[in-house]
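**Q** Here it is: the structure, laid out below.
The values are calculated or read from the model by the stated rules, or taken from the named source; none is laboratory data. Since the model is a prediction, treat every value here as computed from it, not as a measurement. Here the Cβ positions follow ideal geometry from the backbone for every residue, glycine too, while neighbour counts run over all protein chains shown. Surface accessibility is based on the protein's heavy atoms, side chains included, excluding ligands, DNA and RNA. Shrake-Rupley method; radii C 1.70, N 1.55, O 1.52, S 1.80 Å.
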Amino acid sequence: MLMNPKKSVLLVIDVQAKLAPFIHDNAAVVDACVWLARVAERIGVPVVVTEHFPEKIGGTVEAVRAATAGAHYVGKQYFSAQADGCLEHTAVAGCEQVILCGTEAHVCVQQTALDLRAAGKQVFIVAEAAGSRAPANRDLAFERMRGHGIEIVSREMVAFEWLQRGGTELFREVNRDFIR
C-alpha cells in the first residue's frame, strides 16, 4: 500500500531534550524528524507530537518544536501513546495511515506502532527518523514490527508517496527545498 497524504498523519514520538543526547546518532534522527515535519507541513499532512513525562524528560527538542509549531502536542504517561488515550482527539484518530518517527524505537515508538496496528491502522516507521540508545535495540524493534505488518520506510519514500506525481508546483517546491 502507498502512503496517501489525504489518509495520513505524521506522529512524532518523544523527541525530548533529556533523552535525545543519549540516542545513537541523535543529530541525524532529530534532523530526519525535522525534515519529515517540514515536508508534512508543506504537503498539508497533519502532525501530532507526543511528550512522555515532559516534566521529567524535558520538552520536545527545540529543532523539532520549531518545525512543528502548528502541530497538536499531547502529553503521555504510558509508553504507547495509543494505550495512553492521548491520541483520541487528534488527527491520528481520523486517519487510516500513521507515519511514525521518534524515540525510542524499541520502546515508545514500537509500543505505539503495535497498538495502532492492532487498532486497524496502516503503520509506517521512518527508519532514519527513529532511534534508540543502542542500535541493536532499534534493529530488533524494526524486525519485530515488520513481523506484525508494520512497514519500515525511508523519509524519501514518504515524501514521494505523499506527492504522488511529478510535474506539479508542489513537487517542484518539495524537490527544490527537501530532496537532495
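**Q** Find how many whole Å separate the alpha carbon centroid of the range 1-72 from the alpha carbon centroid of the range 143-180.
**A** 16
**Q** Another one. Which of the helices in the chain meet the span-like rule: DSSP H, Cα axial reach of 24 Å or more, Kyte-Doolittle mean at least 0.5? It would help to have the intermediate numbers written out before the result.
**A** Working: long enough: 26-43 (26 Å, 0.90).
Span-like helices here: 26-43.
**Q** Per-residue ellipticity at 222 nm for the chain, helices alone: DSSP H runs ≥ 4 residues times -39500 (n - 2.57), over residue total, nearest 500 deg cm²/dmol? Provide the component values of the computation, followed by the final result.
**A** Values: 9 runs with 77 residues, N = 180.
Only helices count here, giving -12000 deg cm²/dmol.
**Q** Hey, what's the range 33-112 come to in accessible area per residue, 1.4 Å probe, Å²?
**A** Working: 3160 Å² over 80 residues.
Dividing the accessible area of the range 33-112 by its residue count gives 39 Å².
**Q** On a straight-distance basis, which lysines could pair with Lys56 in a cross-link, Cα separation under 17 angstrom, same-chain partners fewer than 8 positions away excluded?
**A** Result set, ordered by chain and number: Lys18, Lys76.
**Q** Just to check I understand the Karplus step: with θ = phi - 60° and J = 6.51 cos²θ - 1.76 cosθ + 1.60, what whole-Hz values come out for the range 73-90, glycine and proline as x?
**A** Going residue by residue, I get 9, 9, x, 8, 10, 6, 5, 7, 5, 5, 5, 5, x, 6, 8, 4, 10, 10 Hz, with x marking Gly and Pro.
**Q** Hey, if you drop one equal point scatterer on each alpha-carbon of the range 32-112 and run the Debye formula without solvent, what base-10 log of I(q)/I(0) do you get at q = 0.14 Å⁻¹?
**A** So the normalised log intensities work out to -0.44.
**Q** With every protein chain left in place and a probe of 1.4 Å, what is the accessible surface of Ser154, to the nearest 10 Å²?
**A** My reading of the accessible area for Ser154 is about 40 Å².
**Q** Over the chain, what percent of the accessible surface lies on carbon and sulfur atoms, probe 1.4 Å? Write down the numbers at each step before the final one.
**A** Values: 4240 of 8280 Å².
Answer for the chain: carbon and sulfur cover 51 percent of the accessible area.
**Q** What does the charge dipole of the range 27-149 about its Cα centre add up to, to the nearest 20 debye, if the Cβ of each Lys and Arg holds +1 and the Cβ of each Asp and Glu holds -1?
**A** Numbers: 11 positive and 13 negative charges, 27 e Å.
Computed about the Cα centre, the dipole is about 120 debye.
**Q** When a/c is below 1.5 the answer is rounded, else prolate if a/b is larger than b/c, else oblate, so apply that to the range 77-117 with a ≥ b ≥ c taken from the square roots of the Cα gyration tensor eigenvalues. The partial results should precede the final answer.
**A** Numbers: a/c = 2.01, a/b = 1.36, b/c = 1.48.
Since a/c reaches 1.5 but b/c is at least a/b, the shape of the range 77-117 is classed as oblate.
**Q** Also: Identify the trypsin sites (Lys or Arg not before Pro) of the range 5-74 meeting these criteria: DSSP loop state and at most 16 other C-beta atoms within 10 Å of the C-beta. Can you show the working numbers first?
**A** Values: sites: Lys6, Lys7, Lys18, Arg38, Arg42, Lys56, Arg65; in loops: Lys6, Lys7, Lys18.
In loop regions of the range 5-74 (DSSP not H, G, I, E or B), the sparsely surrounded trypsin sites (Lys or Arg not before Pro) are Lys6, Lys7, Lys18.
**Q** Quick one: divide the alpha-carbon radius of gyration of the range 57-180 by 2.2 N^0.38 Å and tell me what you get.
**A** Values: Rg = 15.3 Å, N = 124, 2.2 N^0.38 = 13.7 Å.
My calculation over the Cα atoms of the range 57-180 gives 1.11.
**Q** I'd like the antiparallel share, as a percent to the nearest 5, of DSSP beta bridges with both residues in the range 1-158.
**A** Values: 1 of 25 bridges.
In the range 1-158, DSSP labels about 5 percent of beta bridges as antiparallel.
**Q** Right, next: With the cut-off at 1.5 for a/c, could you classify the range 1-78 from its C-alpha gyration tensor as rounded, prolate or oblate?
**A** Cα axes put the range 1-78 in the prolate bin.
**Q** With a bin width of 10 angstrom, please list the P(r) values of the range 116-180 as percents of all Cα-Cα pairs, from the 0 bin to the one holding the largest distance.
**A** Calculated P(r), rounded to whole percents: 19, 39, 27, 15, 1.
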